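*Asks:* Below: one structure in structure tokens.
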Amino acid sequence: MARVIVDVMLKPEILDPQGQAIARALPRLGFSGVTEVRQGKRFEVEIDGPADDAALSDVRKMAETLLANTVIEDYSVRVEGS
């Protein structure tokens, strides 16, 4: 069994209102020096068997068809512990 991590983030050119709201709130909470915050999603996918090329290809297909909106989001796939 292996765990594969899929991180999904808005593309850099896409406005991130939630990230902006967080960035504005941080100084009020006593945190300084933060110039930008981008909000994203993390998915942990446990697969049966090793995280070989075929399994990672399947996870990439999952990301492209369900986990990420590839029009406005980028994603990355990695095996946990790598």
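The values are calculated or read from the model by the stated rules, or taken from the named source; none is laboratory data. Quick caveat, the model's predicted, so the values are computed rather than measured. Here the Cβ is made from the backbone with ideal geometry for all residues, glycine too, and neighbour counts use every protein chain on show. Areas reflect the complete protein model, heavy atoms only, side chains present, ligands, DNA and RNA absent. Shrake-Rupley method; radii C 1.70, N 1.55, O 1.52, S 1.80 Å.
*Asks:* Rounding to the nearest 10 and keeping the result within 0 to 90°, find how far the Cα-based axis of helix 53-62 lies from the longest principal axis of the chain.
*Replies:* Here the helix axis deviates by roughly 50 degrees.
*Asks:* Next up: Could you tell me the convex hull volume per residue, in Å³, taken over the Cα atoms of the chain?
*Replies:* 116
*Asks:* In addition: Do the sum for the chain: with -39,500 (n - 2.57) for every DSSP H run of n ≥ 4, divided by all residues, what is the mean residue ellipticity at 222 nm, to the nearest 500 deg cm²/dmol?
*Replies:* Mean residue ellipticity at 222 nm (helix-derived): -8000 deg cm²/dmol.
*Asks:* Taking 0.36 nm per intervening residue step and subtracting the Cα-Cα distance, what contour gain separates L29 from I5 on full extension?
*Replies:* Value of the extension gain: 5.6 nm.
*Asks:* Taking the Cα atoms only, what angle lies between the long axis of helix 17-28 and the longest principal axis of the chain, rounded to 10 degrees?
*Replies:* Helix 17-28 sits at roughly 50 degrees to that axis.
*Asks:* Still on this structure: Explain nothing, just the number: dipole magnitude of the chain about its Cα centre with +1 on each Lys and Arg Cβ and -1 on each Asp and Glu Cβ, in debye rounded to the nearest 20.
*Replies:* My answer is approximately 480 debye.
*Asks:* Find out how many positive minus negative residues lie around K11, taking Lys and Arg as positive, Asp and Glu as negative, among other residues whose Cβ is under 14 Å from that of K11.
*Replies:* Overall, the nearby charge balance is -3.
*Asks:* Heavy-atom accessible area per residue, region 36-78, 1.4 Å probe: how many Å²?
*Replies:* 68
*Asks:* Using per-residue counts of other Cβ atoms within 10 Å, averaged over each peptide, order 62-71, 48-57 from highest down.
*Replies:* 62-71, 48-57
*Asks:* Additional query: State the percentage of accessible surface on region 35-82 attributable to carbon and sulfur atoms; use a 1.4 Å probe and exclude ligands, DNA and RNA.
*Replies:* That fraction is 49 percent.
*Asks:* What nm distance separates the two modelled labels at D74 and E44, each placed 7 Å from Cα along Cα→Cβ?
*Replies:* Result for the modelled spin labels: 2.5 nm.
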